[in-house]
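Here's the structure we're looking at; comments come further down.
The values are calculated or read from the model by the stated rules, or taken from the named source; none is laboratory data. These numbers come from a predicted model, not from an experiment. Glycine gets a Cβ as well: all are built from the backbone with ideal geometry, and neighbour counts include every protein chain shown.
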Amino acid sequence: MTFGTCRYCGQVVNLDYEEETQAEADIAASEKCECYDARHERNLRKQITAAQNRIRKIFGDDAAKLGFSPIAAEEPLQLLNAIAEQTARGFITSATINVRGLCKAKITMTTKEKIKVERSETKTYQLEE
Ligand SMILES: [Zn+2]
């Protein structure tokens with residue numbers, strides 16, 4: 001299949017190469033199409049990937065470089081990635097989660113339509129007789 005149909009606008013797109021199935025050709029066409037919705041989706045995905053990279057930097061393994069402890073479990077990171085996606089897609093304007101014993105994570109859509117990723121931790125130490 002060298003032609004696919006864009007799922008956003010229905011336009012038939014010439015792929016210049018061959019995909020094995022029509023379904024794959026349609027996905028490739030939707031990714032290549034220049035219509036508004038296809039371009040919008042590509043921009044959204046770029047924004048989501050960038051936000052997820054920031055999440056990895058300040059909560060994942062890279063956090064140690066910033067002097068923070070990485071979140072060891074995969075689940076909270078997956079949740080943060082999902083929040084970033086829903087924020088980019090406009091379902092959520094902001095969300096804060098408390099990671100037990102570690103930190104607070106906040107993801108916000110700014111007024112400039114940017115996804116802000118924040119980490120905060122407060123250290124307190126108390127001794128009592
Ligand atoms: Zn299209």
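General observations
- Residue in the stretch 31-80 that is nearest to L102 (Cα to Cα), counting only those that are within 16 Å of the ligand (Cβ to nearest atom) and of a type in the set (D, E, K, R): R45
- Restricting attention to the stretch 8-29, the residues that are more than 12 Å from the ligand (Cβ to nearest atom), outside any helix (DSSP H, G or I) and of a type in the set (S, T, N, Q) add up to 2.
- Within the stretch 63-121, restricting attention to residues that are assigned to a strand (DSSP E or B) and under 12 Å from the mean Cα position of the chain (by Cα), the residue that is farthest from A51 (Cα to Cα) is I107.
- Condition broken by E34, with the remaining ones in (1) surrounded by fewer than 14 Cβ atoms within 10 Å (Cβ to Cβ); (2) farther than 30 Å from F3 by Cα; (3) modelled with pLDDT of 95 or more satisfied: (2)
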